[in-house]
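Q: Next up is a structure, given as structure tokens.
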Amino acid sequence: MNVADPPGLSRDTEQVFAEPWQAQAFALVLALHARDAFTWREWADELSRELAAAGPDDDGSRYYDHLLATLELLAVRKRLAAAAELSARKAAWADAYRRTAHGRPVELTGEPSP
């Protein structure tokens, strides 16, 4: 396999993603790679560092949290987004989630509450 290219995705019927956001985060990684935002080697190296930093007690259940952290790091490093913008957007989503009744779709409609 060429390290510049992402590996092929399995067509197995086993569920890979436990939550929709995990699939969306991975799809974003693939889309940004396809647009040459970063090489597959850069991605693999940064994700490996993130996973190693989690330590030996990490049981793998937070894999997609690490994937998302790596995506955010590369987005800032490659100037695809500013760290402050990412932080503000995450705060806005957290605020929207807290204001949304259980079972209702979460909608991002404004700025986060102070």
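The values are calculated or read from the model by the stated rules, or taken from the named source; none is laboratory data. These figures come from a predicted structure and were not determined experimentally. With ideal geometry, Cβ positions are generated from the backbone for all residues, glycine too; neighbour counts draw on all protein chains shown.
Q: Take residue 61 and tell me if it is among the hydroxyl-bearing types (Ser, Thr, Tyr), under 29 Å from residue 108 (Cα atoms) and outside any helix (DSSP H, G or I). Before the answer, list the steps.
A: Working: among the hydroxyl-bearing types (Ser, Thr, Tyr): yes; under 29 Å from residue 108 (Cα atoms): yes; outside any helix (DSSP H, G or I): yes.
Taking the combined requirement at face value, the residue satisfies it.
Q: Then there is this: Please count how many residues of the stretch 3-44 are in contact with a His (Cβ under 8 Å, 6 or more places away or on another chain) and either modelled with pLDDT of 95 or more or over 23 Å from residue 60 (Cβ atoms) (or both).
A: At the first step, the residues of the stretch 3-44 found to be in contact with a His (Cβ under 8 Å, 6 or more places away or on another chain) are 6, 39-40, 43.
Then keep just the ones that are either modelled with pLDDT of 95 or more or over 23 Å from residue 60 (Cβ atoms) (or both); that gives 39-40, 43.
Selection size over the stretch 3-44: 3.
Q: When the stretch 81-114 is examined, which residues are found to be under 22 Å from residue 23 (Cβ atoms) and under 14 Å from the mean Cα position of the chain (by Cα)? Write out each step before concluding.
A: The first filter runs over the stretch 81-114 and keeps only residues under 22 Å from residue 23 (Cβ atoms), leaving 81, 86, 89-90, 92-94, 96-97, 100, 103-108.
Residues satisfying the conditions are 81, 86, 89, 90.
Q: Restricting attention to the stretch 22-44, which residues are assigned to a helix (DSSP H, G or I), among the small types (Gly, Ala, Ser), touching a residue at least 12 places away in the same chain (Cβ under 8 Å) and closer than 16 Å to residue 81 by Cβ? Steps first, answer last, please.
A: Going through the stretch 22-44, the residues assigned to a helix (DSSP H, G or I) turn out to be 22-34, 40-44.
Then keep just the ones that are among the small types (Gly, Ala, Ser); that gives 23, 25, 27, 31, 34, 44.
From the residues that got through so far, the ones that are touching a residue at least 12 places away in the same chain (Cβ under 8 Å) too are 25, 44.
Correct list: 25 only.
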